[in-house]
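The values are calculated or read from the model by the stated rules, or taken from the named source; none is laboratory data. Quick caveat, the model's predicted, so the values are computed rather than measured. Note: ideal-geometry Cβ built from the backbone for every residue, glycine included; neighbour counts use all protein chains shown. Just the protein is used for accessible areas: all its heavy atoms, side chains included, with ligands, DNA and RNA removed. Shrake-Rupley method; radii C 1.70, N 1.55, O 1.52, S 1.80 Å.
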Amino acid sequence: MKMAASFLSNPTTFLPSSSSLTSQKHTVKGISVCKPVCRLPNYPPHISKRSLSINLTSLFLLSLTGNANAAILEADDDLELLEKVKQDRKKRIEKQTVLNSSNKDKEYLQDVIYKLSKVGQAIENNDLPSAGSILGQTPDVDWLKKANAALSQLSSSPEEKAEVDTFNSSLTSLYSSVTKNDIEGSKSAFVDSASAFEKWTTLTGLTGQLKGL
């Protein structure tokens, strides 16, 4: 209806314009007559079905190539992740094997827990002479040497070794504070050494195998 209304209101809309008409002369009974001839407007060149098919095929192949590359990258990521999981599992098994066969080392570490507990009680009671008696005169005492040997034997990761270093440095400060009868310094050094030892047991997986933690 809208098309019809447009046509009725402006009938010239659907007539060829003067620019698209040319005159062609014909002679009818000796009289020259001009006959309008319509020229079709220029349209874009015709696209063949074959060209269209080639273009669509190219796009499809490009899409497949992109998807294939993405799939290859994803597969590589999956393989790397799988390999990492396998390596981590292997390390855990090896670590657990070492822990299970280190009964002597665990005895030395159990002795550390016992001594630290007694030292902590003495410091809490402000009894530094008793704390010094339990610790020994210097950090070179036999129980601490055995403990350090066990700590070194069972430490494999950088994090575990770092906690061992923290434990030893804090314990050295504890010896010094106890010798100087520095109660506050002794408390601080004791907390640091006990915390480092506890973190180390967590990292190595020994928490459940040692008592008193």
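Return the distance in nm (one decimal) between the two label points of a simple spin-label model at K104 and L79, each offset 7 Å from Cα along Cα→Cβ.
Placing both labels 7 Å along Cα→Cβ, they lie 4.5 nm apart.
Can you give me the Cα centroid spacing of the stretch 156-213 and the stretch 124-138 in angstrom?
The two parts, judged by their Cα centres, are 16 Å apart.
How would Y175, Y114 line up by accessible area, probe 1.4 Å, largest first? Each step should come with its number before you reach the end.
On the way: Y175 10, Y114 130 Å².
If we order Y175, Y114 from most to least accessible, we get Y114, Y175.
Hey, got the Cα dimensions of the stretch 118-213 along the principal axes, in Å, largest first?
Extents along the principal axes, in whole Å: 36, 23, 19.
May I ask you to compute the full-extension gain from V191 to S133, defined as 0.36 nm times their residue separation minus their alpha-carbon distance, rounded to one decimal in nm?
Extra length available between V191 and S133 comes to 19.0 nm.
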